[in-house]
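The block underneath contains the structure these notes are about, expressed in structure tokens.
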There are 2 protein chains.
Amino acid sequence: MRTRPLKVALLGCGVVGSEVARIMTTHADDLAARIGAPVELAGVAVRRPDKVREGIDPSLVTTDATALVKRGDIDVVVEVIGGIEPARTLITTAFEHGASVVSANKALLAQDGAALHAAADENGKDLYYEAAVAGAIPLIRPLRESLAGDKVNRVLGIVNGTTNFILDKMDSTGAGYQEALDEATALGYAEADPTADVEGFDAAAKAAILAGIAFHTRVRLDDVYREGMTEVTAADFASAKEMGCTIKLLAICERAADGASVTARVHPAMIPLSHPLASVRGAYNAVFVESDAAGQLMFYGPGAGGSPTASAVLGDLVAVCRNRLSGATGPGESAYAALPVSPMGDVVTRYHISLDVADKPGVLAQVATVFAEHGVSIDTVRQQGKDGEASLVVVTHRASDAALGGTVEALRKLDTVRGVASIMRVEGE
Amino acid sequence: MRTRPLKVALLGCGVVGSEVARIMTTHADDLAARIGAPVELAGVAVRRPDKVREGIDPSLVTTDATALVKRGDIDVVVEVIGGIEPARTLITTAFEHGASVVSANKALLAQDGAALHAAADENGKDLYYEAAVAGAIPLIRPLRESLAGDKVNRVLGIVNGTTNFILDKMDSTGAGYQEALDEATALGYAEADPTADVEGFDAAAKAAILAGIAFHTRVRLDDVYREGMTEVTAADFASAKEMGCTIKLLAICERAADGASVTARVHPAMIPLSHPLASVRGAYNAVFVESDAAGQLMFYGPGAGGSPTASAVLGDLVAVCRNRLSGATGPGESAYAALPVSPMGDVVTRYHISLDVADKPGVLAQVATVFAEHGVSIDTVRQQGKDGEASLVVVTHRASDAALGGTVEALRKLDTVRGVASIMRVEGE
């Protein structure tokens, strides 16, 4: 074993960073044995240098992250700051000064993955980011290495723990969205400003990363259709139950049936209770992958938290260190397929639509006509009437999102349709 | 991209091998793009050369596997023959003649993994075998790479599809073992001689491989305690249901509480219905991994079959080819921890024991005394009496297998105990 240690610079020392530093110390012997050389924490860049950080030598702490990544003797920079800047500039600077990079930064990877990969390649360095998607769950490596000989057709995932906690709570207790969110906040599962989670921004970043790797195609955050879950109601869960379904916020990356394009989207959807994703409880994450040869795979585990995320970061750190020692680099960006990313209107799925309608003869015929005119085939219709008001629940066969959108627009114009109470996609069948 | 192709020799062209060859042809462009060079099927060793093999150039077919692996121009040998010999000699010969090896051979890896890894290392070559455990499910790579910075404490898996199909059938229909086996055979899930599956030999080989990688310790097939599932009865399933459990044939690899030793075992066990493994249906496989930092992870998918196994083989093939091009090798055997493998007697778990006893006063006191004398603490006891005969169902707290064994031996000697109807371990709590 080599005795000269590999030097690691840690950018950020919050929940994840402090756990990375802790494990690097407590498991130093194991890491050395697995890498083939000791690893040494050579510097820690933080914003608040005066904060006491248990187990971290204060002489390693600096507020000058730029100087740290420019030192020239750093083998691996671990970036757990998050956000676009200064993380992006620091990572690029690290490559230019001879370091490889391990990052947990989903927002940055989703926005600028191609440029960062290019910077890594130009400098012959590694860029690893297993922790950016679904915390501890090995996903990036299985997708880009284990399934490298296969053709992935679909990735269907619960990739945000906060929203899964909220939806699970609504499902199991009948609570409304606000009540469930309040509980998630009280328990620390939701942040004070939950927007990034509940509006699907976090999941959309992960969808972009997963789609890119799965389809060997650049997929940016802007390419991902996004719909949050703040408008999911207790009534939606009641409807889902009648369908033998539950509701999850899903990240869905699909290859079109003809193989010539892909789509990526995040939105709440009904999935059958028999689907493995339906039983993913609390803040857990799970990702279901469908491929030509392997068939259906699922990866399940904690999607966030300091320790789980640190586990993923350290797995990457070991891999990158091994690569340094052997003078090689791991698989870089694979975007050779360069498939077009289709807009949401091209997505084909099933829909569950609840309409408030006048309770009089001929309404169903009118509604059915509108569906037919837009080429959306109806699977089932259920009518419930009371006191001159009625509701119609329509479940469609597979249709494009554009066709469904046109149908709904036309339905809203009917005199007999008082309102469209909810539209929910049905997935995983 | 390099234009000179990497040459692949295929040993075996059965269910898996023919699928590997097919995908190498149909997905040649994708594989080339992902590897950075084309791959070419340079030879196929078979036993029956006259059999028509669709899509395979007859001029590549040979019965002389030894000459094929000795050719010297082969980059990667894919071994999908199975069994110990001639596979072992062919793999070693391949290393000596400059090739890296991808194998799906669980029996060989479990028996001679250390020697094969040593041969690979001596020759600076790769030995990859993702397909040896749980078919298409990425497990070897996540355990040895993604979790390389973590400490795995437990691996709990359903790693044999045949037995899971049988047990699932018994659970869902109330069928007995033979009836369920007959159905598995009729549907092609069980072989004509199902011994390797139902007696746990197949699962034990996989347990040895998983334990070795998870604990960075050599674990051989002989180190794995093995109990088949042919004696599981419909009555056992009824007992399990009363406990809120089902029964699965589990491969369990554990680090002892003090961290100083490990165990590996295969046997049927009750697990709670709330455990993610309980809902693994049919011939699917799933492996649950518990580690210090990541927490609880689960990997799920098809554990066998030509296409899924080929997916795993091809993922390895891409990785090994990339390593060839970069002049590096992937992670080899990691056995530095060299922990002792403890015997079954040291395993600590809970037990569900059904006793047929005389229905008279004092029996429960006698039985309870025997448990206490052997240091096995009782959690619950349920008595059912009828016509002078009675049954006692005892569920224990955690105790060593040795203590439980002593208890059962002593119970059998009691006049009032007519027989020990069943003993089943309770896991996953």
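The values are calculated or read from the model by the stated rules, or taken from the named source; none is laboratory data. Owing to the predicted nature of the structure, the values given are computational and were not obtained by experimental measurement. Because the Cβ atoms are built from the backbone with ideal geometry, glycine has one as well, and the counts that use them run over all protein chains shown.
Please specify each residue of the stretch B:326-373 satisfying the condition of being more than 14 Å from every other protein chain (Cβ to nearest Cβ), free of Cβ contacts under 8 Å to residues at least 60 places away in the same chain and not hydrophobic (A, V, I, L, M, F, W, C).
Matches in the stretch B:326-373: B:D359, B:K360, B:P361, B:G362, B:Q366, B:T369, B:E373.
Just to be sure before I move on: is A:G345 of a type outside the set (D, E, K, R) and on the phi > 0 side of the Ramachandran plot in the structure I sent?
no
A:N323 is checked against (1) among the polar types (S, T, N, Q); (2) within 30 Å of B:K151 (Cβ to Cβ); (3) touching a helix residue (DSSP H, G or I) at 6+ places or on another chain (Cβ under 8 Å) and fails just one. What number does that condition carry?
All conditions are met except number (3).
Can you name every residue in the stretch A:314-325 that is facing chain B (nearest Cβ under 7 Å) and among the aliphatic types (A, V, I, L, M)?
A:L314, A:L317, A:V318, A:A319
Among the numbered criteria (1) part of a helix (DSSP H, G or I); (2) touching a Ser or Thr at 6+ places or on another chain (Cβ under 6 Å), which one does A:A190 miss?
Result: A:A190 passes all but (1).
Scan the stretch B:84-131 residue by residue and report those that are touching a Lys or Arg at 6+ places or on another chain (Cβ under 7 Å) and surrounded by fewer than 23 Cβ atoms within 10 Å (Cβ to Cβ).
If the condition is that a residue be touching a Lys or Arg at 6+ places or on another chain (Cβ under 7 Å) and surrounded by fewer than 23 Cβ atoms within 10 Å (Cβ to Cβ), then B:T93, B:H97, B:Q111, B:D112, B:A114 are the ones that fit.
In this structure, is A:G330 touching a helix residue (DSSP H, G or I) at 6+ places or on another chain (Cβ under 8 Å), more than 23 Å from A:E254 (Cβ to Cβ) and part of a loop (DSSP other than H, G, I, E, B)?
In short, yes.
Has the stretch A:168-177 got any residue that is within 17 Å of the chain's Cα centre (by Cα) and within 14 Å of chain B (Cβ to nearest Cβ)?
So far as the stretch A:168-177 goes, no, none of its residues is within 17 Å of the chain's Cα centre (by Cα) and within 14 Å of chain B (Cβ to nearest Cβ).
Kindly establish whether A:V78 is hydrophobic (A, V, I, L, M, F, W, C), closer than 25 Å to A:T25 by Cβ and surrounded by fewer than 23 Cβ atoms within 10 Å (Cβ to Cβ).
Considered against the rule, which asks whether it is hydrophobic (A, V, I, L, M, F, W, C), closer than 25 Å to A:T25 by Cβ and surrounded by fewer than 23 Cβ atoms within 10 Å (Cβ to Cβ), A:V78 comes out as no.
Given (1) within 20 Å of the chain's Cα centre (by Cα); (2) in a helix (DSSP H, G or I), identify the lone condition not met by A:C321.
Tallying (1) within 20 Å of the chain's Cα centre (by Cα); (2) in a helix (DSSP H, G or I), A:C321 fails exactly one: (1).
Keeping to the stretch B:277-290, report how many residues are crowded, with 24+ Cβ neighbours inside 10 Å and in contact with a strand residue (DSSP E or B) (Cβ under 6 Å, 6 or more places away or on another chain).
So the count comes out to 6.
For the stretch A:251-268, give me the residue count where each residue is of a type in the set (A, V, I, L, M, F, W, C), closer than 16 Å to A:E290 by Cβ and at pLDDT 95 or above.
The number of residues fulfilling the criteria is 6.
I'm told A:A211 meets every condition in (1) aliphatic (A, V, I, L, M); (2) within 14 Å of chain B (Cβ to nearest Cβ); (3) out of contact with any helix residue (DSSP H, G or I) (no Cβ under 6 Å at 6 or more places or on another chain); (4) closer than 29 Å to A:A260 by Cβ except one. Can you identify the failing condition by its number?
(2)
Restricting attention to the stretch A:291-311, and to residues there that are more than 7 Å from chain B (Cβ to nearest Cβ) and in a helix (DSSP H, G or I), which single residue is farthest from B:A304 (Cα to Cα)?
Residue satisfying both the conditions and the ranking: A:G306.
Give all pairs with beta carbons closer than 6 Å in which a residue from the stretch A:221-250 that is at positive phi meets a residue that is assigned to a loop (DSSP other than H, G, I, E, B); count only pairs at least 6 apart in sequence or on separate chains.
A:G244/A:L273
In the stretch B:22-29, is there at least one residue being in contact (Cβ under 8 Å) with a residue 60 or more places away in the chain, among the hydroxyl-bearing types (S, T, Y) and under 20 Å from A:D292 (Cβ atoms)?
Among the residues of the stretch B:22-29, not one is in contact (Cβ under 8 Å) with a residue 60 or more places away in the chain, among the hydroxyl-bearing types (S, T, Y) and under 20 Å from A:D292 (Cβ atoms), which makes the answer no.
May I ask you to verify whether A:A42 is among the small types (G, A, S) and touching a helix residue (DSSP H, G or I) at 6+ places or on another chain (Cβ under 8 Å)?
Considered against the rule, which asks whether it is among the small types (G, A, S) and touching a helix residue (DSSP H, G or I) at 6+ places or on another chain (Cβ under 8 Å), A:A42 comes out as yes.
Kindly establish whether A:I137 is out of contact with any Lys or Arg (no Cβ under 8 Å at 6 or more places or on another chain) and not in a helix (DSSP H, G or I).
Answer is yes for this residue.
Please enumerate the residues belonging to the stretch A:322-336 that are within 22 Å of B:D316 (Cβ to Cβ) and in contact with a strand residue (DSSP E or B) (Cβ under 9 Å, 6 or more places away or on another chain).
Scanning the stretch A:322-336 gives A:N323, A:L325, A:T329, A:G330, A:G332, A:E333.
Does the stretch A:394-417 contain at least one residue that is part of a strand (DSSP E or B), of a type in the set (K, R), touching a residue at least 24 places away in the same chain (Cβ under 8 Å) and not assigned by TED's automatic domain parsing to the domain that holds A:Y225?
The answer is no, given that none of the residues of the stretch A:394-417 is part of a strand (DSSP E or B), of a type in the set (K, R), touching a residue at least 24 places away in the same chain (Cβ under 8 Å) and not assigned by TED's automatic domain parsing to the domain that holds A:Y225.
Among the listed residues B:R53, B:R48, identify the single one that is crowded, with 16+ Cβ neighbours inside 10 Å, modelled with pLDDT under 95 and not polar (S, T, N, Q). Even if it seems obvious, please write down each step before you answer.
Numbers: B:R48 fails: crowded, with 16+ Cβ neighbours inside 10 Å.
After ruling out the rest, the residue left standing is B:R53.
Say we look at the stretch A:279-290 and pick out the residues that are aliphatic (A, V, I, L, M) and in a loop (DSSP other than H, G, I, E, B); which of these is farthest from the other protein chains (Cβ to nearest Cβ)?
The selected residue is A:A283.
Of the numbered conditions (1) facing another protein chain (nearest Cβ under 7 Å); (2) more than 30 Å from B:A283 (Cβ to Cβ), A:A264 satisfies every one except a single condition; which is it?
Checking A:A264 against (1) facing another protein chain (nearest Cβ under 7 Å); (2) more than 30 Å from B:A283 (Cβ to Cβ), the one that fails is (1).
Exactly one condition in (1) on the phi < 0 side of the Ramachandran plot; (2) free of Cβ contacts under 8 Å to residues at least 60 places away in the same chain is false for A:L109; which is it?
(2)
Of the conditions (1) part of a strand (DSSP E or B); (2) at pLDDT below 95, B:R350 satisfies every one except a single condition; which number is it?
Here B:R350 clears every test but (2).
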